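Structure first, commentary second.
Bear in mind that the values in this text are calculations on the coordinates, not laboratory data. Since the model is a prediction, treat every value here as computed from it, not as a measurement. Ideal geometry is used to build each Cβ from the backbone, glycine not excepted, and the neighbour counts take in all protein chains shown.
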Amino acid sequence: MFGILGAKLFDTFENWDSFVKDPSSIFSMSGLTFYGGLICAGIALWWYTKKHNINFWHFTDVLGPIMMMAYGTGRIGCQVSGDGDWGIYNSAFKTSSAGGIFPAAQGEFQQVLANNAPFFSSHGSHHAFFPKPGALSFLPDWFFAYDFPHNVNEFGTPLDGCTGAYCMHLPAPVFPTSLYEIIVCLILFGILWMMRKRIRIPGLLFGIYLVFNGLERFIIEKIRVNVKMNFLGMEITQAELISFGLIILGVIIIIYSWKKNKPVSPVAKTP
């Protein structure tokens, strides 16, 4: 419950202008922010462990790998549904009205912008030209650019031959950041899972989880579409700010846990 409330609260802060226009949107289950859920649920769990006399650090060490796995598998839903959790446009590729991804030449994106001006004026036009690297030629084009056909938000332009609901796709393909997060987070889960029996210091595994989580999200935000805010003169996203804070917090927890549980060398007795 606290996780859901936190996820909705942080999403409201991130999209404050939309909330002001439609305050009733706060009661909708759409638009949930993972970090809001993580922070508020973390506070609730800290209170729960104190109330029931449970070691908080042991408790978080158990949750760290599980939360990494949950985040990675949760992104599968974002990828297959096309819920808007995607990246900026990859102008090295283009789409057709029948669907499908094809390589594009430099400059073609400008024509796409002109042909779909109303869409891009509402959804932005930030893009990067990133062709498929030769070393990764074995991967399909949709690994680098995807148009999210039949997306649940019904964003984009109509697909030829499709009638009814969910017949839209993006007029220009985007970096499928949800796919990248699925892969990276499940790899990080595997690393944490292998480390869990080797680490004996309470809190250390959770600190490593926070660093992994923060680094992964901070990096992916560089190509992910999100609302930017002004913070100390910098244009950053809420997720960038929180993920950076999680990295710092994780490092602090690692140092604190290590020093608190570091074996003390016995003092030599004077003969």
Ranked list, fewest to most other Cβ atoms within 10 Å of each Cβ, for THR163, THR95: THR163, THR95
Taking a ≥ b ≥ c as the square roots of the eigenvalues of the Cα gyration tensor of segment 89-175, is the shape rounded (a/c under 1.5), prolate (a/b larger than b/c) or oblate? oblate
Which of ILE182, ILE43 has the fewest other C-beta atoms within 10 Å, and how do the rest follow up to the most? ILE43, ILE182
Ordered by fewest other Cβ atoms within 10 Å, a rough proxy for footprinting exposure, TYR209, TYR256 read TYR256, TYR209
Cβ-Cβ cut-off under 14 Å around GLU154, Lys and Arg +1, Asp and Glu -1: the net charge is -2
Highest mean first, what order results for 191-198, 164-171 on Cβ atoms within 10 Å? 164-171, 191-198
For segment 237-254, Karplus-derived ³J(HN,Hα) couplings (6.51, -1.76, 1.60; θ = phi - 60°; whole Hz; x for glycine and proline) come out as 8, 4, 5, 4, 5, 5, 5, 5, x, 5, 4, 4, 4, x, 4, 4, 5, 4
Simple spin-label model, 7 Å along Cα-to-Cβ: ILE54 to THR73 in nm? 1.9 nm
Distance in nm between label sites at ALA105 and ALA135, each 7 Å beyond Cα in the beta-carbon direction? 2.9 nm
Relative contact order of segment 180-266, please, whole-number percent, based on alpha carbon pairs below 8 angstrom and at least 6 residues apart. 36 percent
Distance cut-off 23 Å, Cα to Cα: go down the list LYS197/LYS259; LYS222/LYS259; LYS94/LYS132; LYS197/LYS222; LYS50/LYS260 and report the pairs above it. LYS222/LYS259; LYS197/LYS222
